[in-house]
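These notes are about the structure you will find just below.
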Amino acid sequence: MVLGTVPPHYLARYCLRGKGPQAGTFLVDRRLRERVDFRQINLNRPLPQLPTFYLIMLRNLLIYFDRTTRQEVVRRVLERLEPGGYLMIGHSESLHELGVAELVQLAPAIFRKSLPGSGADVRLISADEEDTPGHRGREGRA
């Protein structure tokens, strides 16, 4: 990650600047590192016991699976995504052909899981359509 892309207040709060042989690098503060859990998980199998998440990133992963497997993987991870949480995929990937009922597309690779009772369609809803009658708007309008 290029440090210039990280807002200065985040750098000051969560990063330690490298010195001497570590100059030009940074270390993420332990308080933040301890909140991140990196695991190797086989998404082709039922997921292990995991908590729910507010953000799941499947960047450049789905392109390696056929349609059926993509659908199964997305279904599995959506079970672990909190309502209102975000799913990010790679820019070269798409979920349109999967018929995912509970996602609202906010940007080309960013989706939000519908909140209970939001009346989401049985298809993906683009950000442009999101504010049309019958769809929940970005600001939570009914």
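Things to note:
- Among residues of region 46-59 that are assigned by TED's automatic domain parsing to the domain that holds I110 and hydroxyl-bearing (S, T, Y), those with a Cβ under 7 angstrom from a residue that is in a loop (DSSP other than H, G, I, E, B) and modelled with pLDDT of 90 or more, sequence gap 6+ or separate chain, pair up as T52/R80.
- Highlighted here are the helices (runs of 4 or more DSSP H) found entirely within region 1-106 that include at least 2 residues which are in contact with a strand residue (DSSP E or B) (Cβ under 9 Å, 6 or more places away or on another chain) and surrounded by 12 or more Cβ atoms within 10 Å (Cβ to Cβ): 8-14, 67-79.
- Search result, residues across region 6-40 that are among the β-branched types (V, I, T) and more than 22 Å from the chain's Cα centre (by Cα): T25
- Residue match in region 78-95 (condition: farther than 23 Å from I41 by Cα, at pLDDT 85 or above and in the same structural domain as R45 (by TED's automatic domain parsing)): yes
- Taking region 44-58 as the range and being within 16 Å of the chain's Cα centre (by Cα) and under 16 Å from R70 (Cβ atoms) as the test, the residues that pass are I56, M57, L58.
The values are calculated or read from the model by the stated rules, or taken from the named source; none is laboratory data. Owing to the predicted nature of the structure, the values given are computational and were not obtained by experimental measurement. Reconstructed Cβ throughout: ideal geometry from the backbone, glycine too, with neighbour counts over all protein chains shown.
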